[in-house]
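Some notes on the structure that comes next.
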């Protein structure tokens, strides 16, 4: 892929993500902040599998798979994946029906994500985290959905 085509691809993916976020913010019910969700996602999470992608992404499949084994760290001060640092999160939380929410949020079927119904979604400022269980989450990153497992120290 030429440099120009790649740039257009990346910019298009980012614009689509921004558009989806704006649409959700305009029509979505208000978030409710909960201490429980915060305590459930604070910690270190190892990316273990690639689950699905949206139509336009800023990474190809090889690049997405290269993130497997990397660690997402979520703290009160912010989240970090590799060198990318997220702003301090508000930990805004909502319980949603995964099929409807994921279809509206990402334009895909939620079955590949294997989420509980309802699922708790937590906004950590740079992305959203779906809580599958105490030690498993699904995170959205650069147009891809990843499953991650808690690293217990």
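Identify the residue in the stretch 108-122 that is out of contact with any strand residue (DSSP E or B) (no Cβ under 7 Å at 6 or more places or on another chain), surrounded by fewer than 21 Cβ atoms within 10 Å (Cβ to Cβ) and within 19 Å of residue 54 (Cα to Cα) and, among all such residues, is modelled with the highest pLDDT.
By that ranking, first place goes to 114.
For the stretch 56-91, which positions are buried (at least 18 other Cβ atoms within 10 Å of the Cβ) and either without any contact (Cβ under 8 Å) to a residue 40 or more places away in the chain or assigned to a strand (DSSP E or B) (or both)?
Hits for the stretch 56-91 are 72, 74, 79, 81, 89.
Of the residues that make up the stretch 95-107, is at least one closer than 23 Å to residue 152 by Cβ and surrounded by 13 or more Cβ atoms within 10 Å (Cβ to Cβ)?
Checked the stretch 95-107: no residue is closer than 23 Å to residue 152 by Cβ and surrounded by 13 or more Cβ atoms within 10 Å (Cβ to Cβ).
Output the residue which, of all residues in the stretch 34-55 that are at pLDDT 95 or above and surrounded by 19 or more Cβ atoms within 10 Å (Cβ to Cβ), is farthest from residue 74 (Cα to Cα).
Once the filter is applied, the top-ranked residue is 47.
Residue check: is residue 31 surrounded by 12 or more Cβ atoms within 10 Å (Cβ to Cβ), within 19 Å of residue 126 (Cβ to Cβ) and modelled with pLDDT under 85?
yes
Every residue in the stretch 92-135 that is closer than 25 Å to residue 44 by Cβ, assigned to a strand (DSSP E or B) and free of Cβ contacts under 8 Å to residues at least 60 places away in the same chain, please.
The answer is 95, 119, 121, 128, 130, 132, 133.
The values are calculated or read from the model by the stated rules, or taken from the named source; none is laboratory data. Computed from a predicted structure; not experimentally measured. Backbone-built Cβ (ideal geometry, glycine too); neighbour counts: all protein chains shown.
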